[in-house]
Amino acid sequence: MNNLKWPYPLEWDKEEVVSADILVLGGGIAGCMAAIAAARKGQKVVLIEKGATKRSGAGGSGCDHWESAATNPCSKVTPEELTNAMLEDNEGFNNGISHYIECREGYDRLLDIEKMGGKIRDTENQFQGAEFRDDESKLMFAYDYENKFTIRIWGSTFKPAMYNELRKLGVKIYDRVMITSLLTEEGKQGGSCIGATGINTRTGKFYIFRGKASIMCMSRPARIWLFSAALPGLCEFRPTQCIGDGHAMGWKAGAEFTMMEKSVRGEFSAAGRSYPPYGAGNNHNTWYPASLIDSTGKEIPYVSRDGKILKDVADRFKPSEDQKFFLKGGAIDNPKYSIEGPETLSFSEVLKQGYKLPFYADLSKLPEIERKVIWGMMIGEEGKTKIPVYKNYKEAGFDPERDVLQCYGTGWTSAEFLPQERQLFGLPGGFLNDWTLSTNLKGLYVAGDSLFSSNCFGHAATTGYYAGRHAAKFAEVNPLIGIDSNQVEKEKERVYAPIHNDPYSSIGWKELNMGISKTMQNYCGEVKCDELLKIGLTRLKEYAEKILSNTFAYNPHELVRLLEVFDILTVSQLIIHSSLARKTTSKPLCFYRNDSEEIQSGHKERFITLKQFDNKVTIKELPLDYFGDLKGNYEIYNEEYVRGIK
Ligand SMILES: Cc1cc2nc3c(=O)[nH]c(=O)nc-3n(C[C@H](O)[C@H](O)[C@H](O)COP(=O)(O)OP(=O)(O)OC[C@H]3O[C@@H](n4cnc5c(N)ncnc54)[C@H](O)[C@@H]3O)c2cc1C
């Protein structure tokens, strides 16, 4: 590696200071929409992105369905009904504020993105007459065809459209710059957020960004438990560069977090164990409701929530007779009865009934129009499917009218993971927010997958736009604050230290990631207890104090990978602190302790919140319904928007 010539000019010793009204940290779905909203309010906006904004992030390569568009003209549910269902499904451990914004503003953002050039309707009439299509609006729906609140979209067109809009609005974009830290007033933990630092991922140049307000949009942590040194790009569901840098720098700056003790057993990622998402036999999400067959070709029946066998494919899209609507999608794992939709018989039941492994997804059993919308529209528009799955499988001869795809794991997952192989999948913890999507740090707003209990494209686009307009309001009445040069110098020393180390006596980013993941599997796995967690915390502290100073990077690319793993270490510590703080088992948080009493029935669960001050962890509790009345509060905080000033 060190014999290869680095293809970019090295600028280790260069520094650039950039000032703006609003800094957008991360240019994914939330970041792009935040920047668009703030720029439309007349603010000078700078967006900083580790990759290339045009395609970066989890939604850059596509997205096939937009959830919770409750205000679209065909929807039969209200934003309140949908948000309350999401809250109830998680026994209150959910972000009422951000999901209400998702339900209330989702359709507005879709129309907005359509104006920018994104495709949200079947304008070519390819699916005319289909039950899932509204022939008047040409909108197409997924899952619950009666209630019509999940919209099938051509998501691969969205990010380029947003990118063009950013350029039109004059947003200054810094691509290929990794944000490394937040700057705070007087350099103090818990002080107002007044900017950020970054390094160029190709040249190593150092940046100091100053802003009146900043919006955190760097997605969520990954590779905490799951890491394969041989397949680093395929370790998790979300892209490699979305690693939780934002959580790490927020924690160090004194931002408050909640639900960080929640993790789930690996579901949908590789880490050497599974096939790429949507590339194996499957009947969930993008693949809903593909038929599943056993190895003799016998079809596995779909059943209603009450176990009634559904004979007709059309019944897979209908709620039960006594049910208003059902929920499916990225954030629904083990649905509660009230929102449970049609599903194939459970894995244990089909084995008991003598179905023979392996099972396969068989699209040939679906009506032609349903097969066509899954293979070719959904598979093709979904994240990471256009080239790896749709194009490559087609070129290899896969024909959905004839061929079947094998399932791995139980049912729809692409593999079967061990209990200690955990992930922040579905609705994990993150930054705590108020009704303006502000964090506890003055001047720091948060959107998208960085928020606690967040997930999905529509959620990211709506919360991004919302945070952008509230941050703009803040910037209108607050000045730029001078930076603390000590804080900047310390950060510079930290980020550049590995390039000065001796490669022969130091370790690289993969070894460090491997060590952290092993520690988290061993001491913060599925079953937790104080004893194990404390050993884990001690081990991580040893890494921080003794190993970080013995790591090296040959070039800016390796340095970025290494700084990411430093952040993985910080997030791992945050997760163990949160786990230590929750003293009892909590089923909705998938949090199991073997050293606590069973929770008494009637016990009121609460959020546990954590932040640092003077490097000491402060723990608090918060009622699960801290957001109050959803509609009432939304309308108080968004009076102009409600009046049509968007
Ligand atoms: C394969 C796949 C399929 C999906 N399908 C669907 C779907 O069909 N429907 C749906 O609703 N949702 C879907 N999702 C989820 C959805 O894409 C995400 O929830 C959404 O993109 C989150 O938006 P975000 O802006 O918070 O994060 P992202 O879009 O991931 O953006 C985060 C950005 O931050 C940047 N970043 C990270 N760290 C730094 C740093 N230190 N400095 C600078 N920049 C940084 C990243 O490069 C990235 O561009 C899917 C996700 C994946 C991975």
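Here are the numbers:
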quantity	calculated
Convex hull of region 287-341 built on C-alpha atoms - directionally averaged projected area, nm²	4.4 nm²
Within straight-line cross-link reach of Lys172, aspartates and glutamates at Cα separation under 16 Å, skipping those fewer than 8 residues along the same chain	Glu16, Asp21, Glu49
Alpha carbon convex hull of region 1-108, projected area averaged over orientations, nm²	11.7 nm²
Extended-chain gain in nm, criterion 0.36 nm per residue less alpha-carbon gap, Asp399 and Ser505	32.9 nm
Equivalent ellipsoid, region 383-426 (semi-axes from 5 times Cα gyration tensor eigenvalues, Å)	27, 14, 8
Principal axis box of region 398-519, alpha-carbon based, largest edge first, Å	64, 49, 30
Label-zone membership for region 181-205, site Asn486, 7 angstrom Cα→C-beta point, backbone N under 20 Å	181-197
For q = 0.12, 0.16 Å⁻¹, Debye-computed log10 I/I(0) when each Cα of region 289-414 counts as one equal scatterer	-0.50, -0.90
Alpha-carbon Rg with Dmax, taken over region 12-62, Å	12.3, 38
Whole-number percent relative contact order across the chain, with pairs defined as alpha carbons under 8 Å at least 6 apart	21 percent
Evaluated over region 247-359, the Cα radius of gyration and Dmax, each in Å	18.1, 58
Net lengthening on full extension, Ile535/Asp595 (0.36 nm per residue, minus Cα-Cα)	20.1 nm
Lys pairs, region 496-608 - Cα-Cα below 19 angstrom, 8 or more residues apart or on other chains	14
Added length on full extension, which subtracts the Cα-Cα distance from 0.36 nm per residue, Val617 to Asp322	101.4 nm
Base-10 log of normalised Debye intensity for region 130-214 (one unit scatterer per alpha-carbon) at q = 0.13, 0.18, 0.26 Å⁻¹	-0.70, -0.86, -1.19
Loop GluC sites (Glu not before Pro), region 550-646 (other Cβ atoms within 10 Å of the site Cβ: 12 or fewer; DSSP)	Glu597, Glu598
Contact order normalised by residue count of region 300-356, Cα under 8 Å, 6+ apart, percent	43 percent
Fraction of the pair-distance distribution of region 496-608 above 26 Å, Cα-Cα pairs, percent	32 percent
In degrees, nearest ten, helix 158-168 long axis to first principal axis of the chain (Cα)	40 degrees
Relative contact order, percent, region 496-608 [alpha-carbon distance under 8 Å, six or more residues apart]	34 percent
Estimated D of region 76-143 in µm² per second, where Rh is the Kirkwood radius over Cα pairs and Stokes-Einstein applies at 25 °C, 0.890 mPa s	177 µm²/s
Pairwise centroid distance, computed over Cα atoms, of region 108-130 with region 169-243, Å	33 Å
The chain, Rg to Rh (Cα coordinates; Rh as Kirkwood inverse mean 1/r)	0.95
Pairwise centroid distance, computed over Cα atoms, of region 319-382 with region 1-76, Å	34 Å
Bins of 10 Å, starting at 0 and running to the largest distance - Cα pair percent for region 433-472	34, 58, 8
Mean shadow area of region 440-494, taken as a quarter of the surface of its Cα convex hull (nm²)	5.5 nm²
Listed residues Thr180, Pro160, Asn147: farthest to the positive end of the dipole of region 109-185 (Cβ charges)	Thr180
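The numbers here are math on the coordinates, done by the rules we state, and not lab data. Note that the structure is a prediction, hence the values are computed from the model and not measured. Neighbour counts run over all protein chains shown; Cβ positions are idealised from the backbone, glycine included.
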